[in-house]
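One structure below.
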Amino acid sequence: GDSVTQMEGPVTLSEEAFLTINCTYTATGYPSLFWYVQYPGEGLQLLLKATKADDKGSNKGFEATYRKETTSFHLEKGSVQVSDSAVYFCALSSGAMNRDDKIIFGKGTRLHILP
Amino acid sequence: DAGVTQSPTHLIKTRGQQVTLRCSPKSGHDTVSWYQQALGQGPQFIFQYYEEEERQRGNFPDRFSGHQFPNYSSELNVNALLLGDSALYLCASINSGGHGETQYFGPGTRLLVL
């Protein structure tokens, strides 16, 4: 079945460092790919998404490119801030664009940013 | 717009009891999904409701059941609670007729089974 694998945490970086969180997926067909973020004590927020190969999703300085050839969707940010400390989930959905199917999540990567 | 709301925020039950969790979808949304997020894990899909019927179901036992009302709100019921049911339960909603939309998640209900 469909699945998502992301790098295990925790990841600890200093403020203004470069961030990469690796994510690979297994899916039949052409899934949509997502990064969600969960701040302490809160629910899930969609950070960015990409719906087809070579699409780049971006938001709040974060970016991820849908790479079908490597089945990857790595999350990057050029300069992290303390406020970026959270748990990040890579996810996919195999449903039609206008009727989202179930979302399959990775296990999450906890990110700590030190001032 | 209140977004997706869930109640209660926290709940403590004992093994063998039954629990009902509630979800109100974002305005304009007609499809509701439920997820279970165990501590330190990613959310796992439980089921999805559309037009008051269960449309999809994940790998969860029949102890987990749900309902959707005509106003699109939804309930998740769990019978015969086990210690392993302790988790954050997330509700997500979407407009099934929308194009390119994504699911919006509520803040969750944290259930502790003792």
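Work out the mean other chain Cβ neighbour count within 10 Å for the residues of B:41-51 and drop it here as an integer.
Taking all residues of B:41-51 together, the mean is 4.
Remark: the Cα gyration tensor places region A:9-77 in the prolate category, a/c being 1.5 or greater and a/b exceeding b/c. Relative to the Cα centre, the charge distribution of region A:12-97, modelled as +1 at Lys and Arg Cβ and -1 at Asp and Glu Cβ, gives a dipole magnitude of about 300 debye. Projecting the Cα positions of B:43, B:70, B:23 onto the charge dipole of chain B (unit charges on Cβ atoms of Lys, Arg, Asp and Glu, taken about the Cα centre) puts B:43 furthest along the positive direction. Counted over chain A with a bin width of 5 Å, the fraction of Cα pairs per bin, in whole percents, is 2, 13, 24, 26, 18, 10, 5, 2, 0. For region B:51-113, what is the relative contact order in percent, using Cα pairs closer than 8 Å and at least 6 residues apart in sequence? Averaging sequence separation for qualifying contacts and normalising by length gives 26 percent for region B:51-113. With both residues required to sit in chain B, DSSP beta bridges show an antiparallel share near 90%.
Tell me the relative contact order for chain B as a rounded percent, counting alpha carbon contacts under 8 Å between residues six or more apart. The partial results should precede the final answer.
Values: 295 pairs, mean separation 41.3, N = 114.
Contact order relative to length: 36 percent.
Pairs from the list A:52/B:26; A:68/B:26; A:49/A:107; A:49/A:77; A:102/B:13 with a Cα-Cα gap above 23 Å: A:52/B:26; A:68/B:26; A:102/B:13. Pairs of Cα atoms nearer than 8 Å and 6+ residues apart set the relative contact order; for region A:1-82 it is 33 percent. Between B:31, B:20, B:102, the residue with the greatest mean-square fluctuation in the GNM of chain B (Cα pairs under 10 Å linked by springs) is B:102.
Remark on residue B:86: its backbone amide H falls under 5 Å from those of B:113, a criterion applied only to residues 5 or more positions apart or on other chains, H modelled at 1.01 Å from N. Counted by neighbouring Cβ atoms within 10 Å, the residues A:90, A:23 run from fewest to most as A:23, A:90. Assuming charge only on the beta carbon of Lys and Arg (+1) and of Asp and Glu (-1), the dipole of the protein assembly as shown about its Cα centre is about 380 debye to the nearest 20.
Between A:28, A:7, A:105, the Cα set farthest toward the positive side of the dipole of region A:1-112 (charges on each charged residue's Cβ, about the Cα centre) is that of A:28. Sequence-ordered 3J(HN,Hα) estimates for region B:7-16 from the Karplus curve with 6.51, -1.76 and 1.60 and θ = phi - 60° stand at 9, x, 7, 9, 8, 10, 10, 10, 3, x Hz, glycine and proline given as x.
Along each principal axis, taking the top coordinate minus the bottom one, the Cα set of the protein assembly as shown gives 48, 38, 36 Å in descending order. Computed over region B:1-90, the quotient of the alpha carbon radius of gyration and 2.2 N^0.38 Å is 1.05.
Read the figures in this text as sums done on the coordinates, not as results from a lab. Being a predicted model, the structure only gives us computed values, none of them experimental. Note: ideal-geometry Cβ built from the backbone for every residue, glycine included; neighbour counts use all protein chains shown.
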